[in-house]
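Here the structure is laid out as structure tokens; the discussion comes afterwards.
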Amino acid sequence: MAQVYRGGHLYGTGHPARLTPHEARTRAFAPRRRGVDPDEVRQFQALVADELADLHGQVRLLTEENDRLKRALRDWQTMHARECRPPNSGHW
């Protein structure tokens, strides 16, 4: 897929891929000579994964609330439009 740039910046072509909690928990790193403590890495991965799970849940709830508010606004606008009379009942 071709990259599209506008003004030196990548032009938005959709939503970026989200990191899932499972991906954070199961990510493996290549061993190095002077590596880090694997237990600390796993603890940090668990912390990041829990935070991601919480954020994904909040996004889901907010999306549902947004959809509910949009429906309520649309219903109100429809009801209000039926009650309004045109300002001039004659021909234009």
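Residue 57 - would you say it is without any contact (Cβ under 8 Å) to a residue 12 or more places away in the chain, surrounded by 10 or more Cβ atoms within 10 Å (Cβ to Cβ), assigned to a helix (DSSP H, G or I) and of a type in the set (Gly, Ala, Ser)? Yes; evaluated as a whole, the condition is true for this residue. Within the stretch 17-34, the residues that satisfy the criterion of being in a loop (DSSP other than H, G, I, E, B) and within 19 Å of residue 50 (Cα to Cα) are 17, 18, 19, 20, 27, 28. When restricted to residues that are under 26 Å from residue 59 (Cβ atoms) and surrounded by 11 or more Cβ atoms within 10 Å (Cβ to Cβ), the stretch 16-42 contains 9.
Rule-based calculations on the coordinates, nothing more; no lab input. Keep in mind that this is a model prediction, so the values were computed, not measured. For neighbour counting, all protein chains shown are included, and Cβ atoms are generated from backbone atoms with ideal geometry for every residue, glycine included.
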